[in-house]
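In what follows, a structure is listed as C-alpha cells, so that the remarks can point back to it.
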Amino acid sequence: MNPHEIDLHKELKKYFGFNQFKGLQEQVVKSIITGNNTFVIMPTGGGKSLCYQLPALVLEGTAIVVSPLIALMKNQVDAIRSLSSVTGIAHVLNSSLNKTEVNQVKKDITSGVTKLLYVAPESLTKEEYLQFLNEVKISFVAIDEAHCISEWGHDFRPEYRNLRNIVRQLGDVPMIGLTATATPKVQEDILKNLDMPDANTFKASFNRPNLYYEVRTKTKNIESDIIRFIKQHKGKSGVIYCLSRKKVEEIAQVLQVNGISAVPYHAGLDAKTRAKHQ
C-alpha cells in the first residue's frame, strides 16, 4: 500500500477507536509512514506510543521498538494484542524468553504476522538476532525513552550509545526517537548520536491543565510528612519516586508499618515479584 493512500483517520478508528488524533500525533504519524527520520518530544500521557504503533500497524513489515524496561515492553505488547484477534501481532524479544518462545517470535515475524517487535538494546547486539532481522522486512526502528542515549540525561544507558551502528546493519530503515524528558542539550545529543540531523522534529507543549502542582519545603521529618499526606488522601492511589533501590525498600517498609498498603518496585526485584507488585 502506498503510504500516501492510507486513510489515517479510518485506521485510527479501526485500531484504537478514536475519531481524531490528539495534538501533534497526526503530523508525527505522517512523517513516519512517509519514511522520514523523526524526533518526538512529548509529555507522558501525550500519546507518544500511538505515534509509532499506528504506523507499524499500517506499514508493510515489522517495526522494531527499542525500550529500556521489560515491564514497559510487556505493557505495550499487552495493549497492542488487545486491539487484535492475532496474538502474534506484537512480541517482545529479550532475555526473559526461552528458546521455544524465541522460535515462535521468529516464525510470526517471518510469516508477516508481527507488526511490532519490542526489544531491549542489549538484545539487538546479539549476532543471532541481528542476522535474523537482516533477513526480514523492517518498516522502521523506534527508540523509546531516547534520552537514555545522552550522557547529559538523568537515565543514561551506555548500551543505547551503539544503537545507530546497530540499526545501520539492518539497512536503510527510518529511525524515530521519542522522549518525554529532554533539555535542549539532551535533544542535541540524541540527534547527534542517532546521526539524524535531518529528522523532522515535533515538540508538544508540556502544559498539563488537568494537573495540579505543589512544591513543599522538605522538613527533617520527611517520612512523617509522607505518611500524613497519604492518610489525608484516603482511598486514593499514588506513586513515590526515590533515588535508590535502598530508599524504595525503606519507604515501603515505613509505610507498611504505619498501616499503609505499599509495595516496592525496582530493577533489583526478580521478574515474578515485579509482576506481582505491578
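We did not get these values from a lab; they are worked out from the coordinates using the rules stated. Everything numeric in this text was worked out from a predicted model, so none of it was measured. Cβ atoms come from the backbone with ideal geometry, glycine included; neighbour counts cover every protein chain shown.
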| said: Can you tell me the orientation of helix 99-110 relative to the chain, as the angle in degrees between its alpha-carbon axis and the longest Cα principal axis, to the nearest 10? | reply: 50 degrees
| message | Suppose we keep just the alpha-carbon trace of region 154-225; what are its Rg and Dmax in angstrom? | response | 18.5, 56
| message | Rounded to two decimals, what is the ratio between the C-alpha radius of gyration of region 1-64 and 2.2 N^0.38 Å? | response | 1.04
| field | Hydrodynamic radius of region 129-260 per Kirkwood, over alpha carbon pairs, in Å | value | 18.7 Å
| query | Hey, what angle do you get for helix 245-257 against the long axis of the chain, alpha-carbon based, 0 to 90 degrees rounded to 10? | reply | 50 degrees
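Please quote Rg/Rh for region 1-158 to two decimal places, taking the Kirkwood radius as Rh and restricting both calculations to Cα atoms. Spell out each step's value before the answer.
Numbers: Rg = 15.4 Å, Rh = 16.3 Å.
Rg/Rh for region 1-158 comes to 0.95.
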| For all pairs of alpha-carbon atoms in region 68-149, what percent lies in each bin of width 10 Å, listed from the first bin to the last filled one? | 16, 55, 28, 2
| said: Based on C-alpha coordinates, I'd like the Rg and Dmax of the chain, in Å. | reply: 20.4, 63
| field | Whole-number D in µm²/s for region 222-277 (Stokes-Einstein; Kirkwood sum over Cα pairs; 10 °C, 1.306 mPa s) | value | 132 µm²/s
| How long, wide and thick is region 204-244, going by the Cα atoms along their three principal axes, in whole angstroms, largest first? | 37, 25, 21
| said: Modelling each spin label as a point 7 Å along the Cα-to-Cβ direction, I'd like the GLU249/GLU11 distance in nm, to one decimal. | reply: 4.7 nm
| request: Please work out the FRET efficiency for the pair ALA262 and PHE18, using the Cβ-Cβ distance as r and a Förster radius of 45 Å; give the result to the nearest 0.05. | output: 0.80
| query | Could you put LYS107, LYS48 in order, starting from the residue whose Cβ has the fewest other Cβ atoms within 10 Å? | reply | LYS107, LYS48
| message | If I model a spin label at LEU83 and ASN36 as a point 7 Å from the Cα along the Cα→Cβ vector, what separation in nanometres do I get? | response | 2.1 nm
